[in-house]
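> Have a look at this one before I ask anything.
The values are calculated or read from the model by the stated rules, or taken from the named source; none is laboratory data. The model shown is predicted, which means the values in this text are computed figures rather than measured ones. Using ideal geometry, Cβ is built from the backbone for each residue, glycine included, and neighbour counts are taken over all protein chains shown. Areas reflect the complete protein model, heavy atoms only, side chains present, ligands, DNA and RNA absent. Shrake-Rupley method; radii C 1.70, N 1.55, O 1.52, S 1.80 Å.
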There are 2 protein chains.
Amino acid sequence: MEYQFSERVQNLKPSVIREILKYSSDPTVIPLSAGNPAPDAFPYDAISSLSAELLQNAPIEALQYSVTEGYLPLRQHLLRYMKEKYGAGTETDDILITSGAQQVMDLLTKTLLNEGDTVLCEAPSFIGSLNTFRSYRARLVGIPMEADGIDVQQLEQALNTEKNVKYLYTIPNFQNPSGITMSLAKRKKVYELCRDHNVIVLEDNPYGELRFEGEPLPPIKSFDQEGVVMYAGTFSKVIAPGMRVGYAIGPKPLFQKMVVCKQGEDVHSNIWAQIVCHRFMTQYDYEAHLKSLQEIYRRKSKNLLDAMEQHLKPLITWNKFEGGLFAWCTLPKEIDMMEFVNKALERHVCVVPGTAFLTDENEPCSSFRINYSTPTDKQVTEGIRILGEIAREMMP
Amino acid sequence: MEYQFSERVQNLKPSVIREILKYSSDPTVIPLSAGNPAPDAFPYDAISSLSAELLQNAPIEALQYSVTEGYLPLRQHLLRYMKEKYGAGTETDDILITSGAQQVMDLLTKTLLNEGDTVLCEAPSFIGSLNTFRSYRARLVGIPMEADGIDVQQLEQALNTEKNVKYLYTIPNFQNPSGITMSLAKRKKVYELCRDHNVIVLEDNPYGELRFEGEPLPPIKSFDQEGVVMYAGTFSKVIAPGMRVGYAIGPKPLFQKMVVCKQGEDVHSNIWAQIVCHRFMTQYDYEAHLKSLQEIYRRKSKNLLDAMEQHLKPLITWNKFEGGLFAWCTLPKEIDMMEFVNKALERHVCVVPGTAFLTDENEPCSSFRINYSTPTDKQVTEGIRILGEIAREMMP
């Protein structure tokens, strides 16, 4: 047999991160490359007891086919939760439960994008989402990041000049990979600019509730009275990613098509996990749980920051981050980033080269991404010590 | 905001079945329209105890991010199982765990089809898959069914004349909706024809292990030495559909792209469910479990057949079925099928109009589909009695 692939997949490659992650299964490697939530953050006991109870009391509900839209009590609860806590969502919005937030990116893209249409995104941005957009042959246009979020002047320029722009993809809180949080003023400005250009905002907020410093900022969705924002949420970082439960809150007209697309992809998301998430949110003290997560990440991030202060300064700098799972580090111009990353791998420390997060991987980049939630504190300290050593060795 | 949809979704509609299923949530309606496995077929106790043990002993494995390809022990076990039991799979095949078999249809289509390319399918065929193909703007060409499976002469003609045919979609066992099983001779012929025309066979086998009569036939995949067949399997009918665990076994070169597409859709399938399926297959007597399922369906189908003999004969005829979940019934030419289905709905009996399963819903069709696994035996008997009454009333 000769296999002829569709045009859309001919240039698709596995995510660099997924490939690099293969190294991290080697137990001698320090995995600063991952993006996993801290395993000690999973509410094991609660999941275990909710699950046992569910399979005992409502096994048919947990195991039979279900509706594509998702488990109704979870949908209703999330709408209330987002409205009451964040002022996000209106009467003209609806909610769809997805198989992780990744599926929100997929379904919205499938629903809106013709091949060759433009997606605006932050540069750098989350490679997983970029690859989803690429799989529909989107034209990706990166807008540079500043310390307080996307460069709104360049965004405005792109909105004025780029053709067939279907949406802006943004991660306003503790962005992956840069760690940057978008300021309140920019959130409002981004909303207004996109609304005025009839461009949807795809607001991806996986880390928003993992804030360990500073004051929470309202989601862009909270300004939305005109059906501009599709909000992507997930339980991956606040309950457990292996369950694959995410959700989209956005304008009703978009959901009619997204639901049909989801029917064709996986019929519905694992219903056991949907019910467990709902019961966890409603039968446990969810706010206390979030506080305990924030405490874990505060402690782990402090350990990272201490190590960076001690071993990386002054050669390697990093962006301030008030939450999330990542630190974005930048090398001095004398050091070649890819060479640095490869030297680190030789010494069994795995980080992700910054180029992986660009719309064009061949653009120059002197940054790399560190994850501090997956490895142990000891591994983080040791990994950072080695990275500092390599940087000093590489200086001319 | 004005929403502009992609061309691919502009004509997408929700599946007729999903819409009709909304009626079946009305407790006064007899749901002969569903496609759910019998709830008494779920191995509740095993799932419950395996799940409890798993969340106790290996909670990180069950809850953390996992690899896109699927849980390795499950992949290895399924490859062995399919090889040993059915002689299916070679050294050049690989396996991917999916979020239900529906995702196999989606990923293969995404990987192979350009817009406007042709998919050959049986006529009638499973609407869920047809809608997946449609969502990639496939051109669907239906090949008529005969009592022993697809009409191979018409298949050969289509292979010779249709352009850009990427694959043939077939359900060889107890086809949904026709109930027909493809003969051994036709399985071989279908394989050879497709191989000789360099066209992939997408073999969907959700019901194969629910045979309650006659002798099992080898899957088309078992003839495949040349990388022609992509086999779609699922646990939806043999363990539980709410878990959303399916799998694809097929030629390695196709998987490289399918895995990247799956990364972009949902990263990986719910890992708790994958591990539970693996442990169920390996720690319990899986063959005894399958026998007990066959016994349930044998009993339930006998109840249906008794009712049909009593109430439908001679006006309404049906295809012989040796397994699976469906009976395909045909009305005499004097009765308009859509009118019959609507009259049944008025009397709170829900069946699926046959047109839903055609590549062109506007073609004439005098058949409808009955499911006997979801309703109770009493509901089935009563529903069939009402259907027979309506048919007699409608005769001129």
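> A:M1 fails exactly one of the following numbered conditions: (1) surrounded by fewer than 20 Cβ atoms within 10 Å (Cβ to Cβ); (2) among the hydrophobic types (A, V, I, L, M, F, W, C); (3) at pLDDT 90 or above. What is the number of that condition?
Single failed check for A:M1: (3).
> Check off (1) touching a Gly at 6+ places or on another chain (Cβ under 7 Å); (2) modelled with pLDDT of 95 or more; (3) under 20 Å from A:K262 (Cα atoms) for B:N131 and give me the number that stays unchecked.
Every listed condition holds for B:N131 apart from (2).
> Another question, then. Tell me, yes or no, whether region B:77-84 has at least one residue that is in the same structural domain as B:A147 (by TED's automatic domain parsing) and in a loop (DSSP other than H, G, I, E, B).
Checking region B:77-84: not a single residue is in the same structural domain as B:A147 (by TED's automatic domain parsing) and in a loop (DSSP other than H, G, I, E, B).
> Being among the aliphatic types (A, V, I, L, M), out of contact with any strand residue (DSSP E or B) (no Cβ under 6 Å at 6 or more places or on another chain) and closer than 30 Å to A:L74 by Cβ narrows it down to one of A:I335, A:I296, so name that one.
Of the residues listed, the single one that is among the aliphatic types (A, V, I, L, M), out of contact with any strand residue (DSSP E or B) (no Cβ under 6 Å at 6 or more places or on another chain) and closer than 30 Å to A:L74 by Cβ is A:I296.
> With respect to A:P216, determine if the residue is within 9 Å of another protein chain (Cβ to nearest Cβ), without any contact (Cβ under 8 Å) to a residue 60 or more places away in the chain, surrounded by fewer than 21 Cβ atoms within 10 Å (Cβ to Cβ) and not charged (D, E, K, R).
no
> Restricting attention to region B:169-176, does a residue exist that is within 14 Å of chain A (Cβ to nearest Cβ) and in contact with a helix residue (DSSP H, G or I) (Cβ under 9 Å, 6 or more places away or on another chain)?
Of region B:169-176, the ones within 14 Å of chain A (Cβ to nearest Cβ) are B:169, B:176.
Those left that are additionally in contact with a helix residue (DSSP H, G or I) (Cβ under 9 Å, 6 or more places away or on another chain): B:169, B:176.
Yes, region B:169-176 has at least one match.
> Taking the stated definitions as given, is B:T374 within 26 Å of B:E122 (Cβ to Cβ), without any contact (Cβ under 8 Å) to a residue 40 or more places away in the chain and among the hydroxyl-bearing types (S, T, Y)?
Considered against the rule, which asks whether it is within 26 Å of B:E122 (Cβ to Cβ), without any contact (Cβ under 8 Å) to a residue 40 or more places away in the chain and among the hydroxyl-bearing types (S, T, Y), B:T374 comes out as no.
> Within region A:144-168, which residues are in contact with a helix residue (DSSP H, G or I) (Cβ under 9 Å, 6 or more places away or on another chain) and touching a residue at least 60 places away in the same chain (Cβ under 8 Å)?
Answer for region A:144-168, where residues must be in contact with a helix residue (DSSP H, G or I) (Cβ under 9 Å, 6 or more places away or on another chain) and touching a residue at least 60 places away in the same chain (Cβ under 8 Å): just A:Y167.
> Sort through B:V267, B:V260 and tell me the only one that's modelled with pLDDT under 95 and within 14 Å of chain A (Cβ to nearest Cβ).
Checking each option against the conditions leaves just B:V260.
> Something else: Given the conditions (1) among the hydroxyl-bearing types (S, T, Y); (2) surrounded by 17 or more Cβ atoms within 10 Å (Cβ to Cβ); (3) part of a helix (DSSP H, G or I); (4) at pLDDT below 95, and given that B:S33 satisfies all but one, which numbered condition is not satisfied?
(3)
> Continuing with the same structure: Being farther than 16 Å from B:M243 by Cβ and among the aliphatic types (A, V, I, L, M) is the requirement here; does A:I275 meet it?
no
> Test A:T355 against the stated conditions and say whether it is in a helix (DSSP H, G or I), open to solvent by 10 Å² or more (accessible area, probe 1.4 Å) and touching a Cys at 6+ places or on another chain (Cβ under 6 Å). It would help to see each step written out before you state the result.
Working: in a helix (DSSP H, G or I): yes; open to solvent by 10 Å² or more (accessible area, probe 1.4 Å): yes; touching a Cys at 6+ places or on another chain (Cβ under 6 Å): yes.
Against the criterion (in a helix (DSSP H, G or I), open to solvent by 10 Å² or more (accessible area, probe 1.4 Å) and touching a Cys at 6+ places or on another chain (Cβ under 6 Å)), A:T355 qualifies.
So that you can scan it fast, the table gives a plain yes or no per residue for (1) more than 20 Å from the chain's Cα centre (by Cα); (2) of a type in the set (V, I, T); (3) at the interface with another protein chain (Cβ under 9 Å from one of its Cβ atoms):
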position	(1), (2), (3)
B:A38	no, no, no
B:Y44	yes, no, yes
B:L50	yes, no, no
B:L63	yes, no, yes
B:L72	yes, no, no
B:R75	yes, no, no
B:E91	yes, no, no
B:I95	no, yes, no
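> Within region A:108-122, which residues are facing chain B (nearest Cβ under 8 Å) and among the aliphatic types (A, V, I, L, M)?
Hits for region A:108-122 are A:L112, A:L113.
> Can you tell which of B:R385, B:R369 is open to solvent by 60 Å² or more (accessible area, probe 1.4 Å) and either at negative phi or free of Cβ contacts under 8 Å to residues at least 24 places away in the same chain (or both)?
B:R385
> Return the residues of region B:36-76 that are part of a loop (DSSP other than H, G, I, E, B) and of a type in the set (V, I, T); say none if nothing qualifies.
Those that are part of a loop (DSSP other than H, G, I, E, B) and of a type in the set (V, I, T): B:V67, B:T68.
> So, in region A:50-100, how many residues would count as being touching a Cys at 6+ places or on another chain (Cβ under 8 Å) and modelled with pLDDT under 95?
Looking only at that region, the number is 0.
> Tell me which residues, restricted to region B:196-207, are surrounded by fewer than 24 Cβ atoms within 10 Å (Cβ to Cβ) and under 24 Å from B:L130 (Cβ atoms). Write out each step before concluding.
Of region B:196-207, the ones surrounded by fewer than 24 Cβ atoms within 10 Å (Cβ to Cβ) are B:196-199, B:205.
Residues satisfying the conditions are B:H197, B:N198, B:V199, B:N205.
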